[in-house]
Structure formats: structure tokens, C-alpha cells
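Trainee: This is the structure I have questions about; it appears just below.
The values are calculated or read from the model by the stated rules, or taken from the named source; none is laboratory data. As the structure is a computational prediction, the values presented were derived from the model and not from experiment. Counting neighbours? That spans all protein chains shown, and the Cβs are built from the backbone with ideal geometry, glycine included. Only protein heavy atoms, including side chains, enter the accessible area calculation; ligands, DNA and RNA are left aside. Shrake-Rupley method; radii C 1.70, N 1.55, O 1.52, S 1.80 Å.
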Amino acid sequence: MKNIKIIAITISLSLMFCNCEELLEEEPFSVVAPSVIFGNPDNIEIAVAGIYNAMSQRGIDGNTFGNYAHGLIMMGMLGTDHVRSGNNLGNRFSQMDLFNYSATSQLPTHVWNLHYIGINRANTVIVNTEPLLGTGLDDDRLNSLLGEAKFMRALMYLNLVRFYGDVPLKLTETNSLTAEDVIGIARTPSEQVYQQIADDLIFAAEHLPRQQELDGRVTSGAAYGLLAKTYVYWATAPLNDTSKWQLAADAARQVIDSGQYRLLDNFPDIFGWQNEGNDEIIFTVKYGSVEGQWGVLGGAGGFLGFSGANFNSTGPVTGQATQVRQYAAEQYLWESWDPLDQRRDWTVPAARINNAGDIVPLTADQSSDPNSFNFGLAKFRRDASWIRFQSPIDVPILRYADVLLLFAEATANASGGLRQNLMTPSIR
């Protein structure tokens, strides 16, 4: 036993005093090589799911100001003629509403960061999957997964270039935090960004299926629809490349001619959370009713507001007469609609919710006041049983109505003016 102890001590000492370089040069077996992970299409599918998650996730510090969870929607609405913020000048929503934001403002910072997190996930899938084509795996499945990754990378870059102008165009996986890999990347001219978006969407449209087994996954129709929207943005200010009008019309025509989508007869049915995945919806960002999968649609600026203790409640809230709204529809928006148009009273109704949960019409003075803060954004209506802002409502990114209007606008501009025969009865 004594000899065994001496041998053990000798071995330990020899290891302590051996060449440190030899130890440091050992291959780190704890790191799984990308070829091992991405060599299995099932693993690639899991990685693609991570890109979808980036679009729906909350902010990087756990708040709700993520991409489609909240921040991106508000960035697109505030500052327009349709929506106003009711808070003080330093508030995150008022900053956007009054164009008083900076590089450190919460909403644009979170949207920027989360978009590049999603883009990096897409890049990781793309750069590790493309080399597998022609290696004996199922190329059709690989190309379909690549189509999903490229669609979502395109969507995120389209959001970025629209909101921020020239942005860094990164198409490789981020493996370090060096200046060359992250910090030192310069902004890319918008035209090059649009070209990459178009290239990604063309690939996606050619390789994605017309229908997916799982609701919420990207289809070829979604790719053609987003391609049409990309060309329309490219054709208008600030780039004004009018050669893209015809390309936009051609892409939209692919969706129309597919016969897969239709306009619903009843406008509210499009947005009801009980009717998600209906025939008018082409692509949505999915949310769920399980903790960690909630969004906030229909919350802070919605028809059902909060007040007092209920605002910070951890349990279900009921309708409140004194609503706490962080943003609301402009009275001008309600007044601009034809009173007979059912979209008005569903989208911005002249009514509120009382303590009993009943709908109470606004008074004549309230509905005619141009500075009124009484018009909730009611297109997406939450249930009173949902906790605070938590909402399982999906966020529609592309509807068939969008494609029809894109087609009409693009074809009219490509031909030099609106022709009556371009407008189908459904859009008239």
C-alpha cells in the first residue's frame, strides 16, 4: 500500500511540473464540432426553430420590448398620423412618437440587438448547412430548411434597412467578439442590403413548399409575398429604383395565382385569436398560452385596459373604466373612416370598457375631441382572463390583403398609371 501511495504521489508531481504548453495544446473534447451537429437534418431543424424564436422572444433583459413581442410593432406605429403616446417626454413610447430617440433609447436598441441575434442564428444554419448539399443527405429537405433560414434572415434585414437605413450586412457566423468579426463591421449601402434580401427570398420561394405541416412555418407563398414587399420598398424613397415595380408585381402575382389564399368575408374574423391560421393569413409570428411563449398583442394600447392595482396584478384582470394606456389611436384615424365601414368600429371603436366589463360608447365630446386619448387599438382583442399584458395572439406579418394591394400598386406604377382592370372585385 505504501508503494502505491508513493507511485501516485510521483505521478501527481510529474503532471504538475510537466510542460504546460503540451497540456494547453490538447484538443478540447468538450466542444462539439459544427459538422457533428449539422450532419443530422433533425438537428438543423432544431437550429431553424431557434431563428423563429428570435423573432418572437422578449427583450434581452427579459422585458417585453423584443422584436414582434412589442418593440418592432411600436416603432412602426408611433410617429405616424395614426397612433400617439400619452406619456412623458422621456418615456420609451413618447421618444418614438416625438422623434426624440437616440442610440441608447430602449425600443430601437432592443430591436437592433435582437434582430442581429436572429440574423446570427440564421447565418449559423446557412453556413453550416450549405456544404452538406450533394453529400448524400436529403437535398430537398436541406434546401427547404435553408429556405426557412434565408426567409427569416431576409425579413430581419428588411426590418433593419427600413428603420435604420444603411446597416451592417453580415452573412457569416459570429464566432468571436473581435473587431473583425463584430465591432469593426461597417454599414453596408442600402441597395446592397436590398439585393441580398431579394436573393434570399428568391431562393426561399424556389425551395419552400406551398404548405407546411406545422402552422407558423414559412411557405413559398410567404416568400413571394415578402419579395413583392421588398421590391416595393426598393422602388420608393429613398432608393427610388423604379425598375423594381414590375418585379414586385410579378412576385405578388405568384401568390395570387397560387389560389391558396382568400379574403375573409367578416373583417373581425381575421384577427380573432380563436381563428388564427385562417385563409387570409400568409405568415405570422407565433405565440402561445404557456408561460414563456406569451406575447403582448392587445395589451397596453388595446381595447381592454388596466388601472390601479390591477395594472401590476399577477392574476386575471377585468375591464376597467379608468384605463392605463401607453399609446392610443388618433381621433383623426377614427374620423377618417366611412361610418358604414365595419373596419372602423372593430379597429378603433368609439367605446371603452367599464368596471363590469361592458362596452360603453364614448360621448359625443369624447369622440369629436382631436386630442382624445380614448380610442384603443382594438383590432386584436384580448380576453379579460389573461394576466396583465400576457397574450397568446399571433402577430400577422403578411396577409393576402397586403399582397393584393402590393400587386395593384406595383402594376399601376410599372405601367405608368392605375388601370381599372388591375383592381379585382375583392380589392375594390
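Trainee: Do the conditions hold for Val324, that is, is it under 27 Å from Tyr52 (Cα atoms), at pLDDT below 90 and under 27 Å from the mean Cα position of the chain (by Cα)?
Mentor: no
Trainee: If I go through region 389-414 residue by residue, how many of them are in a strand (DSSP E or B), open to solvent by 20 Å² or more (accessible area, probe 1.4 Å) and modelled with pLDDT under 95?
Mentor: 2
Trainee: Residues of region 361-378 being exposed (fewer than 13 other Cβ atoms within 10 Å of the Cβ) and of a type outside the set (Ser, Thr, Tyr), which ones?
Mentor: Once the filter is applied, which keeps residues that are exposed (fewer than 13 other Cβ atoms within 10 Å of the Cβ) and of a type outside the set (Ser, Thr, Tyr), region 361-378 yields Pro361, Ala364, Asp365, Pro370, Asn371.
Trainee: Is it the case that Arg419 is at pLDDT 85 or above and of a type in the set (Lys, Arg)?
Mentor: Considered against the rule, which asks whether it is at pLDDT 85 or above and of a type in the set (Lys, Arg), Arg419 comes out as no.
Trainee: Could I ask something else about it? Among the numbered criteria (1) at pLDDT below 85; (2) open to solvent by 30 Å² or more (accessible area, probe 1.4 Å); (3) under 30 Å from Met96 (Cβ atoms), which single criterion is violated by Thr424?
Mentor: (3)
Trainee: On to the next question. Find the residue count for region 263-307, including only residues that are in a strand (DSSP E or B) and at pLDDT 85 or above.
Mentor: 5
Trainee: Here is a follow-up. Which numbered condition in (1) at pLDDT 85 or above; (2) within 18 Å of Asp81 (Cα to Cα); (3) out of contact with any helix residue (DSSP H, G or I) (no Cβ under 6 Å at 6 or more places or on another chain) is the only one that Val348 fails?
Mentor: Val348 satisfies all of (1) at pLDDT 85 or above; (2) within 18 Å of Asp81 (Cα to Cα); (3) out of contact with any helix residue (DSSP H, G or I) (no Cβ under 6 Å at 6 or more places or on another chain) except (3).
Trainee: What residue, of Asp200, Asp241, Asp265, Asp250, is among the acidic types (Asp, Glu) and more than 25 Å from Val161 (Cβ to Cβ)?
Mentor: None of the other options fit; the residue is Asp265.
Trainee: I've got another one for you. Taking region 118-147 as the search range and keeping residues that are out of contact with any Pro (no Cβ under 9 Å at 6 or more places or on another chain) and not in a helix (DSSP H, G or I), which one is surrounded by the fewest Cβ atoms within 10 Å (Cβ to Cβ)?
Mentor: The qualifying residue surrounded by the fewest Cβ atoms within 10 Å (Cβ to Cβ) is Gly136.
Conditions tested, residue by residue: (1) of a type in the set (Ser, Thr, Tyr); (2) over 30 Å from Glu335 (Cβ atoms); (3) at pLDDT 85 or above; (4) assigned to a loop (DSSP other than H, G, I, E, B).
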site	(1), (2), (3), (4)
Asp42	no, yes, yes, no
Leu72	no, no, no, no
Leu89	no, no, no, yes
Gln95	no, no, no, no
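Trainee: Hey, another quick one. Which condition number in (1) modelled with pLDDT under 75; (2) in a helix (DSSP H, G or I); (3) surrounded by fewer than 18 Cβ atoms within 10 Å (Cβ to Cβ); (4) not β-branched (Val, Ile, Thr) is the one that Asn63 fails?
Mentor: (2)
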